[in-house]
1. Pull up the stretch 94-142, narrow it to residues that are in contact with a Cys (Cβ under 9 Å, 6 or more places away or on another chain) and among the charged types (D, E, K, R), then point me to the one that is farthest from I9 (Cα to Cα).
2. Take the conditions in contact (Cβ under 8 Å) with a residue 12 or more places away in the chain and among the hydrophobic types (A, V, I, L, M, F, W, C) and apply them to I285. Does it pass?
3. Could you say which residue among L183, L206, L179 is assigned to a loop (DSSP other than H, G, I, E, B), at pLDDT 95 or above, more than 23 Å from P270 (Cα to Cα) and in contact with a helix residue (DSSP H, G or I) (Cβ under 9 Å, 6 or more places away or on another chain)?
4. Quick check on my filter: what residues within the stretch 186-203 are surrounded by fewer than 24 Cβ atoms within 10 Å (Cβ to Cβ) and either in a loop (DSSP other than H, G, I, E, B) or at pLDDT below 95 (or both)?
5. Filter the stretch 247-275 for residues that are in a helix (DSSP H, G or I) and either touching a residue at least 24 places away in the same chain (Cβ under 8 Å) or over 17 Å from Q22 (Cα atoms) (or both) and give the result.
6. Among the numbered criteria (1) within 20 Å of the chain's Cα centre (by Cα); (2) of a type outside the set (K, R); (3) farther than 19 Å from A100 by Cβ; (4) surrounded by 15 or more Cβ atoms within 10 Å (Cβ to Cβ), which one does T40 miss?
7. Against the condition touching a Cys at 6+ places or on another chain (Cβ under 8 Å) and at negative phi, how does F336 come out, does it pass?
8. Name the single residue that is surrounded by the fewest Cβ atoms within 10 Å (Cβ to Cβ) among those in the stretch 49-71 being of a type in the set (D, E, K, R) and out of contact with any helix residue (DSSP H, G or I) (no Cβ under 9 Å at 6 or more places or on another chain).
Amino acid sequence: MGPKPYLYIIVATGNIYEDVVQAQAGARQGADIIAVIRTTGQSLLDYVPYGATTEGFGGTFATQENFRIMRKALDEVGEEVGRYIRLCNYCSGLCMPEIAAMGALERLDVMLNDALYGILFRDINPQRTLIDQYFSRVINGYAGVIINTGEDNYLTTADAVEAAHTVLASDLINEQLALLAALPEEQMGLGHAFEMDPMLENGFLLELAQAQMTREIFPKATLKYMPPTKFMTGNIFRGHIQDALFNMIGIWTHQGIQLLGMPTEAIHTPFMSDRYLSIENARYIFNDMRSIGEEMEFREGGICRERAKTVLNNAIELLQQIVEEGLFSALEKGIFGDVKRPMNGGKGLAGVVTKGENYFNPFIELMKNRK
């Protein structure tokens, strides 16, 4: 296994066999984690398709056979390059527990699994999502799978400076819900992102402050740090510099998983050559700046410390507000990502039923109390 931050890249051809070609190429170039992006709209299917698939839009269907095909391919290329290559997919949406179980059976290592993402960005019913995330996290915890949460998405719809505290508040909520499901802290890939306007004065220091703050608040977590996307313009030269600054903060603040930015972000789905440039960028910076986090200190009263204090205090105030009025009410008011979701709205509520008087499921406690 390579050192952290793990280099995380995506494949998204729509055809699992083409994904294999691209994934193996990425592993040979130096990637540590391959994420197979799920096809657009699958999160809204209340069933899991069957078998290998060769047609998908914006990604490839998450099926058990596709998981098996990709795991086999990564095992083969891992033998070739002398490293274990992790596999990531999605168990968000209307089939969180089912896909989590399939991932456990087929030896996936990382799963996109957020308690709030489906509510906010896929309009899935809040009650359904919170029930499903619990069961799916019990499965992921039992199987040793790292979960990735999606707080970075808040900053695509809200301002990264003004809404930074909502990211931290959501991280804390996701952490507590994961602990209730007995998911170890080391398996929590809590999310945050490098998403400030590059024209902002001292934006690098503000980004650095938030990444360091997140690292210190969640010292055991395998934090997932997301690259700039919102302010990528198609200017590949500036974009490559933005990604370099993002990589500097990743190594400086000891992130766990670094989703590599692409110079062609905002232009097209990345080519293998685009991924090569991104991996080369990250490997150069990670090696050249490996110990910078141990060498540098943050000045008392300086920009970084003051920014971290502000974000933390705002997050505490927000969480106190949520405690007083309840999470469902907070979601209805659009606290996260400026997106409002009613408690009884969205998709999938029909799948929620009250437990009967004689309901009995011994497996939850057995899986949570694993030795």
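The values are calculated or read from the model by the stated rules, or taken from the named source; none is laboratory data. Here the structure is a predicted model, which is why all the values come from computation and not from measurement. Cβ coordinates were reconstructed from backbone atoms using ideal geometry, including for glycine residues, and neighbour counts include every protein chain displayed.
1. By that ranking, first place goes to D132.
2. Considered against the rule, which asks whether it is in contact (Cβ under 8 Å) with a residue 12 or more places away in the chain and among the hydrophobic types (A, V, I, L, M, F, W, C), I285 comes out as yes.
3. After applying the criteria, what remains is L183.
4. M196, D197, P198, M199, L200, E201, N202
5. Within the stretch 247-275, N247, M248, I249, G250, I251, W252, M272, R275 qualify.
6. Of (1) within 20 Å of the chain's Cα centre (by Cα); (2) of a type outside the set (K, R); (3) farther than 19 Å from A100 by Cβ; (4) surrounded by 15 or more Cβ atoms within 10 Å (Cβ to Cβ), only one is false for T40: (4).
7. no
8. It comes out as E55.
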